[in-house]
Amino acid sequence: MRSGRSARGEPHPALQAGPRPRMRVHGPAHIGEPPHGRTAWHRERVGSCATACSYLPLLGGSLLMDTDPNAASCATNFLDALTAPLVARGELEKVAWKIGAEIAGPVADEVDAQARFPVETVDALRQSGLLAALVPAELGGKGATLLEVAGAVRAVAMHCTSSALILGMHSIEVFNLVRHGTTPGLRKLLEEVATGRMLLANANSEVGLGGDVTRSRCALEPGTGGGHLEKEALAVSYGEYADGIVTIARRSPDAADTDQIMMVCRAENLTLECTSEWNTMGLRGTCSSGFRLSATIADEDIFPVPFATISNDGAAQARQILLCAAWVGLAEAAAAKAHAFVRAAARRSIGALPPSALRLSELAIDVQAARCQLLGVALQYAELDRAGYGEDAGLMVALRSLKVSTSELAVSTATSALQICGMAGFRRTTPFALDRIIRDAHGGLVMVSNERLLGDNAGLLAVRKTL
Ligand SMILES: Cc1cc2nc3c(=O)[nH]c(=O)nc-3n(C[C@H](O)[C@H](O)[C@H](O)COP(=O)(O)OP(=O)(O)OC[C@H]3O[C@@H](n4cnc5c(N)ncnc54)[C@H](O)[C@@H]3O)c2cc1C
């Protein structure tokens, strides 16, 4: 076990742990050393629900409410432990929900305010084994499916979307490693991931190319036993805190911009120079600054197949499914606040339906649509992939549509929740505050622009005979 990490089962030792920038980092330190404690407001708001979670079934949001004799007057106590959605029945979802309710949620506002890495949540994810979920059981992991991990991402997102995205982005890289990382070096890396302690980030987007990952400007300079890479990365979420950064580049300086390879930059062989700060309107805990990467890459840390193969055969699909789970969880978080608000109003006026109840039932339709779309497309991918048609063009259209739809639904659900909660949702200091959720939801629209995805679908649909 590495220093700074605690044995599994100890009570949240990460709460004392600071960020672990083990790679050399130069440039503006936009993330200060945070006090990793709960704010007084959070203590008051979450304390009792965390206790309730320890003895009640994780799925029992309504149970949580019913066990509180003062439920009508103290909505504050259950807001962060509202309802693990009914379909959150999987083992991983339960674990993720607990981490969300007990660790990520209580510090989510602090993480947002300070734009800091959610160190305590990520350490809990490490200890829980969720970071190794996708590693096959024979390699020491949990052998989970993409859908199961999507469920975990969604459960965390209800409490802290930045933390959920970290779990999602790391899991995309693990998925790629499992599927395509067949060199001895990458298999060894996967064994390290299986211990649950490795956190992987990605630096795919590049300054000047934005979210177009089908091309690269930078190139691997060949050297003895590997090569050297210099890259102007547009954004690298939690790059300073990761144990390795997976990235893409042209195969060699004379290769075409589409002739790309994927490689792992190990923290010990990597220098990061911060080139842009992360002071954004939302998703602030992802700490997605821009960096100049300078890395020495060993031959065996280069994926043995072209990036185009990795992308078409799983990476693009996993990316959409895992990240869309965060947008669905975010929509659920907004809806949960509106639901709690309406229930509290209903308790105050027994026999008379609160005026906002009707709007809540409309909002429930949107949330149901988001859940069903995610489930439907994830099942569609699993089925097609099993049959060897995972690269089906119709599926690609569906995956992009899923991203556009769920991210837009997160925004519209958050706005509707605000209309339901009114001033209580508009104020930042009430248990119904929707400020962070609304800001985070807008991040979903630009985290690879929906316009770009719609443009890609437009090109495909123009030549396809079927939708
Ligand atoms: C929270 C967050 C975390 C991120 N983390 C990472 C990370 O870890 N690693 C990483 O590599 N990248 C990361 N990124 C960057 C991300 O992958 C995209 O590169 C970035 O969001 C820019 O997306 P874009 O190129 O689609 O849009 P932009 O470059 O922002 O494009 C600007 C606008 O131009 C228009 N536009 C662009 N392209 C098209 C098109 N083809 N058709 C029609 N209109 C278009 C759209 O209106 C778009 O909004 C992150 C971004 C965010 C917001």
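The values are calculated or read from the model by the stated rules, or taken from the named source; none is laboratory data. Quick caveat: nothing in here was measured; it's all calculated off a predicted structure. Every residue, glycine as well, gets a Cβ built from its backbone with ideal geometry; the counts of neighbours run over all protein chains shown.
Structural remarks
- Restricting ALA414, ALA364, ALA387, ALA370 to those that are more than 20 Å from ALA441 (Cβ to Cβ) and not hydroxyl-bearing (Ser, Thr, Tyr) reduces the list to ALA387.
- Checking segment 228-235 against the condition returns a match, with at least one residue being outside the structural domain of ILE166 (by TED's automatic domain parsing), within 13 Å of the ligand (Cβ to nearest atom) and in contact with a helix residue (DSSP H, G or I) (Cβ under 9 Å, 6 or more places away or on another chain).
- Scanning segment 251-272 for residues that are within 16 Å of the ligand (Cβ to nearest atom) and either surrounded by fewer than 22 Cβ atoms within 10 Å (Cβ to Cβ) or of a type outside the set (Val, Ile, Thr) (or both) returns ASP257, THR258, GLN260, MET262, MET263, CYS265, ALA267, LEU270, LEU272.
- Of all residues making up segment 207-218, the number that are within 11 Å of the ligand (Cβ to nearest atom) and more than 26 Å from LEU134 (Cβ to Cβ): 5
- The residues listed here are ALA164, ALA104, ALA157; of these, the one that is away from the ligand (no atom under 16 Å from the Cβ) and under 17 Å from ALA326 (Cα atoms) is ALA104.
- Annotation for segment 218-226: no member residue is in contact with an Asp or Glu (Cβ under 7 Å, 6 or more places away or on another chain), more than 21 Å from HIS170 (Cα to Cα) and β-branched (Val, Ile, Thr).
- Residue in segment 406-418 that is within 16 Å of the ligand (Cβ to nearest atom), small (Gly, Ala, Ser), surrounded by fewer than 18 Cβ atoms within 10 Å (Cβ to Cβ) and within 24 Å of the chain's Cα centre (by Cα) present: no
- Residue match in segment 183-204 (condition: among the acidic types (Asp, Glu), within 12 Å of the ligand (Cβ to nearest atom) and either within 12 Å of LEU134 (Cα to Cα) or surrounded by fewer than 18 Cβ atoms within 10 Å (Cβ to Cβ) (or both)): no
- Residues of segment 423-467 satisfying the condition of being within 11 Å of the ligand (Cβ to nearest atom), closer than 27 Å to TRP278 by Cα and either assigned to a loop (DSSP other than H, G, I, E, B) or polar (S, T, N, Q) (or both): MET447, VAL448, SER449, ASN450
- Among the residues making up segment 102-115, those that are surrounded by 24 or more Cβ atoms within 10 Å (Cβ to Cβ) and over 15 Å from the mean Cα position of the chain (by Cα) are ILE103, PRO106, VAL107.
Residue-by-condition table, conditions (1) in a helix (DSSP H, G or I); (2) aromatic (Phe, Trp, Tyr):
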site	(1), (2)
ALA346	yes, no
LEU353	no, no
ILE365	yes, no
CYS372	yes, no
ALA378	yes, no
TYR389	no, yes
GLY394	yes, no
ARG400	yes, no
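- Checked against (1) under 27 Å from GLU221 (Cβ atoms); (2) touching a residue at least 60 places away in the same chain (Cβ under 8 Å); (3) away from the ligand (no atom under 12 Å from the Cβ), PHE291 passes all but a single condition, namely (3).
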